[in-house]
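Engineer: Would you mind keeping the following structure in view while I ask a few things?
Just so it is clear, none of the values below were taken in a lab; they were calculated from the coordinates. Computed from a predicted model, the values in this text were never measured in an experiment. Every residue, glycine among them, receives a Cβ derived from its backbone with ideal geometry; neighbour counts consider all protein chains shown.
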Amino acid sequence: MAEALALERLVKTFGTTRALDRLDLSVQVGEVHGFLGPNGAGKTTALRVLLGLLRTDAGVVRLLGGDPWDDVVALHRRLAYVPGDVNLWPALSGGEVIDLLGRLRGGLDRTRRDELLERFELDPTKKGRAYSKGNRQKVALIAALAADVELYLLDEPTSGLDPVMEAEFRACVQEMRAEGRTVLLSSHILAEVEAVCDRVTIIRNGKAVETGSLADLRHLMRTTIAAELNGDARGLCALAGVHDVRADGERVAFEVDSEALDGTLRALADRGVRGLSVQPPTLEELFLRHYQDGGPAAREAPDSQTVCSDEGGSRR
Amino acid sequence: MSDFAGAGQLVRLALRRDRLLMPMWVAVFAFMATVSAAATAGMYPSLESRVQVAETANRSPSLVALYGKIYAPESLGAVAMWKMAGTGALMVALLGLIVAVRHTRAEEENGRLELIGAAAVGRFAALTAALLVAVLMNGALGLLTAAGLVAAGLPAAGSLAFGLSWAGVGVVFAGVGLVAAQLTRSARLATGIGAAVLGAFYLLRAVGDVQGGSGLAALSWLSPIGWGQRVQAFAGERWWVLLLLLGLTGALTGVAYLLVARRDLGSGLVPDRAGPAVAARSLRSPLALAWRLQRGALLGWSLGLLVLGAVFGSVASNVEGFVDDPDFREVIVRLGGERTLTDAFLTVELGVMGVVASAYGVQAAMRLRAEEAALRAEPLLATAVTRVRWAVGHVVVAVAGTTVVMAVAGLGSGAAHAAQVGDAAQVGRVFGAALAHLPAAWVLVGIVVLAFGLVPRFGAAGWAFLVAFFLLGELGPLLELDQRLLDLSPFAHTPRVPAAEVEVAPLLWLTAIAAALVGAGLVAFRHRDVG
């Protein structure tokens, strides 16, 4: 597959702050790529570098086969952008902003624009200063989605949108994927990323800490199991791949690595299972693990009694 | 009283935000007054020299229009503080206006007031805090100025009267700002309304003062700027006039409180109309957007300068009649230029309008940084628009707008003057003279663009340069500063037309400097981070 954009060992500093610290990011043509990271991790900085708004201190940037700093006009005709902070001109109506941005990009499909206005239920006659946060976001979103381009750079595009509009946005992204367009989606909403993204990059302190397909990442994650047993829960700790065992009488809860799932279920069955709940790995878990300083999330419930503990940090 | 809850906190917040800016301005004004007083004392040590210069000034209509009258020719203080009472008060008024809008409508427009309004803060708190801040600032400004004047050797009573007259004018226009802030949703427009009111009052004072003994002289009494001068510091102080200033401040504040009680947070008194659902065909370039964003301000400035020009122009031909003593005539003609008294008057007034047009250019070019800082440049630069093309849009509006504003001022002056003297040829002559002030104004636009490209954080540098150049022209000769220092100001190189002959060379190289500054600014902007 061809590469739509790539950052290689990218460094960007602001004064003494190292906003991007040898960041690697690679997005293939036709994929929807999730870009995750805590506040201040450097997501917006990375997008601004891709737009040629910021100079880089070191590293390589490639965008649609060109250099975003030098080939501004040619590259920007082929992409659309939703900024993280949407500020509109107080005196311009939403419709005017959408048209203006479309024309500056090199043309606007009127039918598509009107269809999106309808889908996102936006009143285009209101002035910029009169829109709520969600509606300002819609203006920027419609302006970008109305563009017939190869690449969409979306910086938390659904912030401020209600759930119905969020669903509409996801539908739009699915359509874009079906049409073979490329999307880089910076987001905090994990359900959104899980729903629409093919691959994900997690960034923290300006560095990519994890990247891969959702399936790959799931493999790195642990399934959470809670069970009510007939027998003693002790001994479970000794099983390979089982972590964070908490037992309270006959109830037991623990996390288990994906590859140890089979053996663990057998061991449970040997003890006699009366009740069982299994939570598949979520992105949230991985997300939290990388976001919180000092290793895995502390998830102990206060009333549970830890019968044994493990070394914790190791994932495999 | 719960309506006022939190005002104290907000005062502290405002003082924290302005902890550098406010003391700096207060110090600049006090310093200006002190230096001016000390320098004048050195320049006119004898009573005769003072009386002579004061009488010359009082008989020169252009000077009276510009600065007002000297109420006691024999008083050192009155002569020394004459210019400061005129143009200084104008700047104090502008400061009061800007501070009032900055802490009310500007905060409301950008949504910060909502954040604060959600806390235990009464609905009058923001207004009250802005009022208190303005009073504090102007009080400090007045007292510090008075102290400076005493230190410069002027009598204490007069010094106090002078300081308080500045402070009084400052709080009146803070009151004007508080009212304007209630009328519109846009802080920019609120400041514009306030500035228009200030301009109108200045004009009333100028016309009233020039008319001298006639019935129109009463016009000066309709203007708070006029009141400030009629406190007559150092010329038999009339303390009761200060009460007029306080009373008007009280009345304006009362109106602001009434208005704020009648509207919702975030709204103005004039409701927003719906805009078009589809952009006009012409809105398709950065230049078109810049024009769309700035056309309202350009219209306002143009109207203001048209009126200013027309008033000055219609007064110009009366000027000759005021001076009957042929010796005096000669002195004034020599002071103002080589032609007639009328031309001397027109020259001075066109110079004033040239500074105003420069102010227009500075604020128009500062839109670049304002748009960038508000993150409104980012979505545009993410389209197929280069940085330079985006920036040039606003630069064109600033340069062309300055030209329009000055041309309108020239047309207003020329047409009014032509109508008075019945000579249509005067229109073209005054218009041409007005255009001679453009290159200097463009240089200021260039300075703003260069600052934007090199050090975007110092966005207000344009104002600092404008004020510095203006003060160099006003105070420089008084302080007997080195000519090379005075020559730093572009205004110093504008030929004194129509009183003197046109010199083309300085106009050409001022234009070249302006172009070089703009070019350097754009290159610097091309090479820096945006945001």
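Engineer: Quick one: B:Val260 ticks every box in (1) within 13 Å of chain A (Cβ to nearest Cβ); (2) surrounded by 13 or more Cβ atoms within 10 Å (Cβ to Cβ); (3) not aromatic (Phe, Trp, Tyr) except a single one, so which number is it?
Structural biologist: Status for B:Val260: all satisfied but (1).
Listed here are the residues, each with its yes/no results for (1) within 13 Å of chain B (Cβ to nearest Cβ); (2) within 21 Å of the chain's Cα centre (by Cα); (3) surrounded by fewer than 20 Cβ atoms within 10 Å (Cβ to Cβ).
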position: A:Lys12; (1), (2), (3): yes, no, no
position: A:Gly15; (1), (2), (3): yes, no, yes
position: A:Leu25; (1), (2), (3): no, yes, no
position: A:His33; (1), (2), (3): no, yes, no
position: A:Gly37; (1), (2), (3): no, yes, no
position: A:Lys43; (1), (2), (3): no, yes, no
position: A:Val49; (1), (2), (3): yes, yes, no
position: A:Leu53; (1), (2), (3): yes, no, no
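Engineer: So which residues in segment A:77-90 are farther than 20 Å from A:Ala46 by Cβ and either more than 7 Å from every other protein chain (Cβ to nearest Cβ) or out of contact with any Lys or Arg (no Cβ under 8 Å at 6 or more places or on another chain) (or both)?
Structural biologist: Here is the first cut: in segment A:77-90, the residues farther than 20 Å from A:Ala46 by Cβ are A:77, A:87-90.
The answer is A:Leu88, and nothing else.
Engineer: Can you name the residue in segment B:1-59 that is farther than 24 Å from B:Ser159 by Cβ and under 24 Å from the mean Cα position of the chain (by Cα) and is also surrounded by the most Cβ atoms within 10 Å (Cβ to Cβ) among such residues?
Structural biologist: If we take residues in segment B:1-59 being farther than 24 Å from B:Ser159 by Cβ and under 24 Å from the mean Cα position of the chain (by Cα), then B:Ala14 is surrounded by the most Cβ atoms within 10 Å (Cβ to Cβ).
Engineer: Suppose we keep only residues that are part of a strand (DSSP E or B) and over 13 Å from the mean Cα position of the chain (by Cα) within segment A:210-227. Which one would you say is farthest from A:Leu283 (Cα to Cα)? Give the derivation first.
Structural biologist: Start the filter on segment A:210-227 by keeping residues that are part of a strand (DSSP E or B), which leaves A:210-213, A:222-227.
Still in the list and also over 13 Å from the mean Cα position of the chain (by Cα): A:222-227.
Working: A:Arg222: 10, A:Thr223: 11, A:Thr224: 13, A:Ile225: 16, A:Ala226: 19, A:Ala227: 23 Å.
Ranking the qualifying residues of segment A:210-227, first place goes to A:Ala227.
Engineer: Name the residue that is nearest to the other protein chains (Cβ to nearest Cβ), counting only residues in segment A:130-139 that are surrounded by 18 or more Cβ atoms within 10 Å (Cβ to Cβ) and basic (Lys, Arg).
Structural biologist: A:Arg136
Engineer: Take the residues in segment B:362-378 that are assigned to a helix (DSSP H, G or I), surrounded by 21 or more Cβ atoms within 10 Å (Cβ to Cβ) and of a type in the set (A, V, I, L, M, F, W, C); name whichever of them is farthest from the other protein chains (Cβ to nearest Cβ).
Structural biologist: The residue in question is B:Val362.
Engineer: Scanning segment B:275-293 for residues that are part of a loop (DSSP other than H, G, I, E, B), among the hydrophobic types (A, V, I, L, M, F, W, C) and facing chain A (nearest Cβ under 7 Å), which turns out nearest to the chain's Cα centre (by Cα)? Walk me through it before giving the result.
Structural biologist: Just the residues of segment B:275-293 that are part of a loop (DSSP other than H, G, I, E, B), to begin with: B:275-285.
Applying the additional criterion that residues be among the hydrophobic types (A, V, I, L, M, F, W, C) yields B:277-280, B:283.
Now restrict to residues that are facing chain A (nearest Cβ under 7 Å): B:277-279, B:283.
On the way: B:Ala277: 38, B:Val278: 38, B:Ala279: 35, B:Leu283: 32 Å.
So the residue we want is B:Leu283.
Engineer: Give me the pairs: first residue in segment A:140-158 and within 12 Å of chain B (Cβ to nearest Cβ) and more than 18 Å from A:Val27 (Cβ to Cβ), second residue in a loop (DSSP other than H, G, I, E, B) and among the aromatic types (Phe, Trp, Tyr), beta-carbon distance under 9 Å, and six or more apart or on different chains, which are they?
Structural biologist: A:Leu141/A:Phe120
Engineer: Examine segment A:156-168 for a residue that is touching a strand residue (DSSP E or B) at 6+ places or on another chain (Cβ under 6 Å) and within 26 Å of A:Ala4 (Cα to Cα), and state whether such a residue exists. Break it down stepwise before answering.
Structural biologist: First pass over segment A:156-168, keeping only residues touching a strand residue (DSSP E or B) at 6+ places or on another chain (Cβ under 6 Å): A:156-157.
Narrowing the set further to residues that are within 26 Å of A:Ala4 (Cα to Cα) leaves A:156-157.
Checked segment A:156-168: at least one residue is touching a strand residue (DSSP E or B) at 6+ places or on another chain (Cβ under 6 Å) and within 26 Å of A:Ala4 (Cα to Cα).
Engineer: Looking at segment B:379-396 only, could you name the residues that are β-branched (Val, Ile, Thr) and more than 7 Å from chain A (Cβ to nearest Cβ)? Walk me through how you get there before you give the answer.
Structural biologist: As a first pass, look at segment B:379-396 and keep what is β-branched (Val, Ile, Thr): B:383, B:385-386, B:388, B:392, B:395-396.
Once the filter is applied, which keeps residues that are β-branched (Val, Ile, Thr) and more than 7 Å from chain A (Cβ to nearest Cβ), segment B:379-396 yields B:Val388, B:Val392, B:Val395, B:Val396.
Engineer: Is at least one residue of segment A:75-89 hydroxyl-bearing (Ser, Thr, Tyr), surrounded by 24 or more Cβ atoms within 10 Å (Cβ to Cβ) and touching a residue at least 60 places away in the same chain (Cβ under 8 Å)?
Structural biologist: yes
Engineer: Based on what the data block shows, is B:Ala359 away from chain A (no Cβ under 14 Å), in contact (Cβ under 8 Å) with a residue 60 or more places away in the chain, in a helix (DSSP H, G or I) and not hydroxyl-bearing (Ser, Thr, Tyr)?
Structural biologist: Considered against the rule, which asks whether it is away from chain A (no Cβ under 14 Å), in contact (Cβ under 8 Å) with a residue 60 or more places away in the chain, in a helix (DSSP H, G or I) and not hydroxyl-bearing (Ser, Thr, Tyr), B:Ala359 comes out as yes.
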